[in-house]
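Derivation of every value follows stated rules applied to the coordinates shown; laboratory data play no part. Just so we're clear, the structure is a prediction, and the values are computed from it rather than from any experiment. Heads up, the Cβs are rebuilt from the backbone with ideal geometry, glycines too, and the neighbour counts pull from every protein chain shown.
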Amino acid sequence: ISWTFRSDLYEYGPEYFRKFKRKLGKPEWVEKVPVVKMRHAPARAMDINQSKVSGNIRAIANLMEQGDIVDMREHVILFHGYLGTYERVLGMLLRRSLEMTACRRYQFIVFLMGVFHLKMACADALWRIFIDPGTSRLDVNSLLQFVAQYHSRETGKIGSDPGFHRMHEVINHTGIALRLDAW
């Protein structure tokens, strides 16, 4: 957190602090994931319609076949994709939940949401909690009141349907302003 405070101070604070920006460096690692050599094998193209759950099942089975993966009792496979893929993979897991073995239930699948979609979900949650409710606009310390100080012409748009980009700016600008205010 101290790195973020210093970064904001050097970038957006008083002119005096600009000279320290070169010495900022990179943030310290908190829990660094060790680098290990992994075996990667590029997958062949598949002519599978993945817009349905059955297509996702076939795609996963095809990927496992290409990778010669047979026994998954001791391992998991991380699948990465956008939210639509997540819904179909979740549907697949529900559809297969009555199978007799963990392998046939695809119990080894762990879905990882993309960072962009995670940020979108977080921005949407912040909007729904701190801006959308009518009562949240009455408090002088509300997020919308902070926004009104630096985006006075856009409070109507931000209060009704800001979209991801605008909400992302609100989060960043408000965070910077509050950190500088705390300094």
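What the table shows:
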read-out: Listing of helices (runs of 4 or more DSSP H) fully contained in region 110-183 that carry 2 or more residues being touching an Asp or Glu at 6+ places or on another chain (Cβ under 8 Å) and within 22 Å of residue 83 (Cβ to Cβ); value: 163-182
read-out: Unique residue being over 13 Å from the mean Cα position of the chain (by Cα) and exposed (fewer than 15 other Cβ atoms within 10 Å of the Cβ) when the list is 112, 98; value: 98
read-out: Selection count where residues are farther than 18 Å from residue 45 by Cα and touching a helix residue (DSSP H, G or I) at 6+ places or on another chain (Cβ under 8 Å), scope region 78-102; value: 8
read-out: Residue match in region 61-82 (condition: touching a Cys at 6+ places or on another chain (Cβ under 6 Å) and surrounded by 10 or more Cβ atoms within 10 Å (Cβ to Cβ)); value: yes
